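Chemist: Before anything else, here's the structure in question.
No lab work stands behind these numbers, since they all come straight from the coordinates. The shown structure was predicted, so the numbers you read here are calculated from the model rather than taken from an experiment. Cβ placement follows ideal geometry from the backbone for every residue including glycine, while neighbour counts extend to all protein chains displayed.
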Amino acid sequence: MSKNLVPEAKAGLARFKMETARELGVHFTEYNGNLTAKECGSVGGEMVKKMVQQYEQNL
């Protein structure tokens with residue numbers, strides 16, 4: 001089971017996910033069973049890429 005270490009961040013992470021999906025042209029909704037694993041994975045991968053870039057900029 002996936003747990004947020006900081007529960008208060010849940011809404012922000014959801015916004016970040018939707019924003020990233022929009023940028024990639026992936027149409028996320030409350031139900032994403034119609035999306036391929038590749039589409040969903042591309043969103044998660046891009047989110048990680050952005051978070052790493054942000055971290056590196058703040059070093």
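Chemist: Out of the GluC sites (Glu not before Pro) in the chain, which ones are loop residues according to DSSP with at most 13 other C-beta atoms within 10 Å?
Modeler: 30
Chemist: In addition: Which one of 25, 44, 33 has the biggest mean-square fluctuation once the chain is modelled by GNM with Cα springs under 10 Å?
Modeler: Greatest mean-square fluctuation among the candidates belongs to 33.
Chemist: Let me ask another. Using 0.36 nm per residue of separation minus the Cα-Cα distance, give me the extension gain between residue 48 and residue 29 in nm, one decimal.
Modeler: 4.8 nm
Chemist: Based on the Cβ-Cβ distance from residue 9 to residue 39, what FRET efficiency comes out when R0 is 22 Å, to the nearest 0.05?
Modeler: Working from the Cβ atoms, E equals 0.35.
Chemist: With all pairs of different alpha carbon atoms counted, what Kirkwood hydrodynamic radius in Å does the chain show?
Modeler: It works out to 12.6 Å.
Chemist: Loop only by DSSP, 14 or fewer other Cβ within 10 Å of the Cβ. Give me the chymotrypsin sites (Phe, Trp or Tyr not before Pro) in the stretch 13-50 that pass, ordered by residue number. Present the calculation step by step, with values, prior to reporting the outcome.
Modeler: On the way: sites: 16, 28, 31; in loops: 28, 31.
Taking the stretch 13-50 and a limit of 14 other Cβ atoms within 10 Å, the loop chymotrypsin sites (Phe, Trp or Tyr not before Pro) found are 31.
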